[in-house]
Amino acid sequence: MAEHLPKPEELAHIDYRPPRKDWRDPRVEFRKGVFCYSAAPKNLEYLGLPNPRKWQPFDKDWKLPPNWKQIILEGMRERLEKYRSFRLFMDICVRCGACADKCHFFVGSGDPKNMPVLRAELIRSVYRRYFTAAGRLFPNLAGARELTEDVLKEWFYYFYQCTECRRCSVFCPYGIDTAEVTMIGRELLTLVGCNINWVLEPVANCYRTGNHLGIQPHGFKDSIEFAVGELAEITGIRVEAPINKKGAEVLVVMPSADYFGTPHYFTLLGYLMVFHEIGLDYTFSAFASEGGNFGLFTSHEMIKRLNAKIYAEAKRLKVKWIIGCECGHMWRVLHQYMDTMNGPADFLEIPISPFTGTRFENARSTKMIHISEFTSDLIHHGKLRLDPSRNDHWTVTYHDSCNISRAMGLFEEPRYILKKVCNNFHEMPENTIREQTFCCGSGSGLGTDENLEMRLRGGFPRANAVKYVRDRFGVNLLACMCAIDKATLPPLLEYWVPGVEVAGVHELVGNALVMRGERERTTDLRGQAFKSEEALAHA
Ligand code: SF4
Ligand code: SF4
């Protein structure tokens, strides 16, 4: 954890008094710990994005193109015509304030411009000035502002302090989705070369090799083989993990973090165990080696470019349907955009589980199901032998990752699985889970180190709810189904709620799964000893 960070008790002291300066004053201070570094020119060049150059947000001169203002306003006009939702969100906010205290960045920072209503107002005020008669004629009365360099810098500051989590939209009586406003704001900034490296580096890597880290096919193969070897040591069973196998029934796509990071890696072991145990005819692809799509944090065009590989690989490998693994924003893209952007995938079939006969009608258009749908269906039909006592060293709670829960409505399947594979499960308070879940504070490409203070502030409400169940029920494990969460929640909890670890749902499935022919197991997938019968008797 960075040394310059304030202590938790200092950071928890949040000043909610409104600042004295007028909200229309756009000046912001790019202070260490609260902003992200700019994208390296090589990444913009690789992706063919405009205005690659060396600059940083704290520089006075951002080296914008001479006609930057015209580019932004033209970009706005184009998007107002193209996206009905954007125009609607610019027009219909009545400033009722229902969303004001719902954003984790406002709760954790006290900065009013982190209220969703005011975040959107930063761009809405420019919309009024240039695209409405009232704003042109009576700018002060209409709440309109000139587009200046300071306003552009303010956009950059606040649109990279929004994780596009959509919690605010749940509370807006008009359904205004500030995440979509942020997406457009970031897209406009990208038109003049203003993006952050933690987004564009993975995007460039993904465009080159298919995954965020730039791992090439032979590296992908090595990683999977390593996992197979390790699993053989743990269970005594050598599983098959086919890659690029033509004619397999199912293509499995996972976030790359599952094969290069921890605790994600234990989740991968869990998938491999389940697939082996039921005898699924599947394949990974060394090219669709990333489900995650940081295009979501760049532009609609970039979402499409990065997502295209999944259907392309499904076609090349001649599979029938697709399983997607534990990832957050990957699912937002798959669920909400893939079919219309890169489909229709008429060459695929509606997913039917070969083991239970369940036909996943909900995936009729995308032909892709979430692994928690697949596994919960297996458990429901008694296809997996489970020993939940193997997870008795954990007292578990579940974090609804924003995109899986709020964006696609997957609330019950992970809970069903967890209750079957763990004996000790406790929910966090109702207003912090399911559709009201609080973001990890680091989504949408903000999970980097230079903005750690802001991440900890944004993650404060989530951590607070974890603290509640830790103190009340002794929770020591937070389960989740998002690769970003698995990477960013551990430092968040270490700071706010020490003693609580993070795991994927399929790691816990892997612990509990009793495989046919396995050697006697005494440890979980992390190598930690199962709770002994003696310890259980004293519990
Ligand atoms: S809840 Fe909706 S209408 Fe009310 S201020 Fe927020 S965005 Fe505007
Ligand atoms: S989408 Fe999430 S981060 Fe963005 S303004 Fe709404 S609540 Fe805040």
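Shown here are the Rg and Dmax of the Cα trace of region 162-219, at 15.6, 51 Å. Applying 1/(1 + (r/R0)^6) with r as the Cβ-Cβ distance of residue 60 and residue 471 and R0 = 45 angstrom yields a FRET efficiency of 0.45.
Helical runs assigned H by DSSP (4 residues or longer) give the chain a calculated mean residue ellipticity at 222 nm of -13500 deg cm²/dmol, each run adding -39500 (n - 2.57) before division by the residue total. The trypsin sites (Lys or Arg not before Pro) found in region 360-403 that occupy coil by DSSP, while having at most 13 further C-beta atoms within 10 Å, are 364, 385. List the pairs from 7/113; 82/113; 82/102; 315/383; 63/304; 318/367 whose alpha-carbon separation is above 19 Å, in the order I gave them. Beyond 19 Å: 7/113; 82/113; 82/102; 315/383; 63/304. A Stokes-Einstein calculation at 25 °C with viscosity 0.890 mPa s, built on the Kirkwood radius of region 397-528 over Cα pairs, returns a diffusion coefficient of 160 µm²/s.
Using the Cβ atoms and a cut-off under 12 Å, what net charge is assigned to the surroundings of residue 95, where Lys and Arg are +1 and Asp and Glu are -1?
So the surrounding residues net to 0.
Remark: region 361-464 projects, on average over all directions, an area of 8.5 nm² (convex hull of Cα atoms).
If you filter region 56-102 for chymotrypsin sites (Phe, Trp or Tyr not before Pro), then keep DSSP loop positions with at most 13 other Cβ within 10 Å, what is left?
Working: sites: 58, 62, 68, 83, 86, 89; in loops: 58, 62, 83.
Passing sites in region 56-102 are 58.
Looking at region 309-357, which GluC sites (Glu not before Pro) are in a loop (DSSP not H, G, I, E or B) and have at most 16 other Cβ atoms within 10 Å?
349
Going by neighbour counts of Cβ atoms within 10 Å, the residues 123, 72, 92 line up, fewest first, as 92, 72, 123. Between the beta carbons of residue 516 and residue 312, assuming R0 = 25 Å, the FRET efficiency works out to 0.10 to the nearest 0.05. Remark on residue 393: its backbone amide H falls under 5 Å from those of 531, a criterion applied only to residues 5 or more positions apart or on other chains, H modelled at 1.01 Å from N. Region 504-530 and region 364-388 have their alpha-carbon centroids 18 Å apart. On the principal axes of its alpha carbon atoms, region 478-529 extends 41, 21, 11 Å, with the longest extent given first. Semi-axes of the equivalent ellipsoid of region 403-478 are 23, 17, 11 Å, computed as sqrt(5λ) over the eigenvalues of the C-alpha gyration tensor in descending order.
Using the empirical formula 2.2 N^0.38 Å as the baseline, the Cα radius of gyration of the chain reaches a ratio of 0.98.
Distance between the C-alpha centres of region 440-503 and region 158-182: 21 Å, rounded to the whole angstrom.
Equivalent ellipsoid of region 34-180: semi-axes from √(5λ) of the C-alpha gyration tensor, largest first, are 26, 20, 15 Å. Taking amide hydrogens as placed 1.01 Å from N in the peptide plane, the amide H of residue 386 sits under 5 Å from those of 514, each at least 5 positions away in sequence or on another chain.
Can you classify region 265-387 as rounded, prolate or oblate using the Cα gyration tensor, where a ≥ b ≥ c are the square roots of its eigenvalues, rounded means a/c under 1.5, and otherwise it's prolate if a/b beats b/c and oblate if not? Because a/c hits 1.5 or more and a/b exceeds b/c, region 265-387 counts as prolate.
Coordinate-derived values only; no laboratory data. Being a predicted model, the structure only gives us computed values, none of them experimental. Cβ atoms come from the backbone with ideal geometry, glycine included; neighbour counts cover every protein chain shown.
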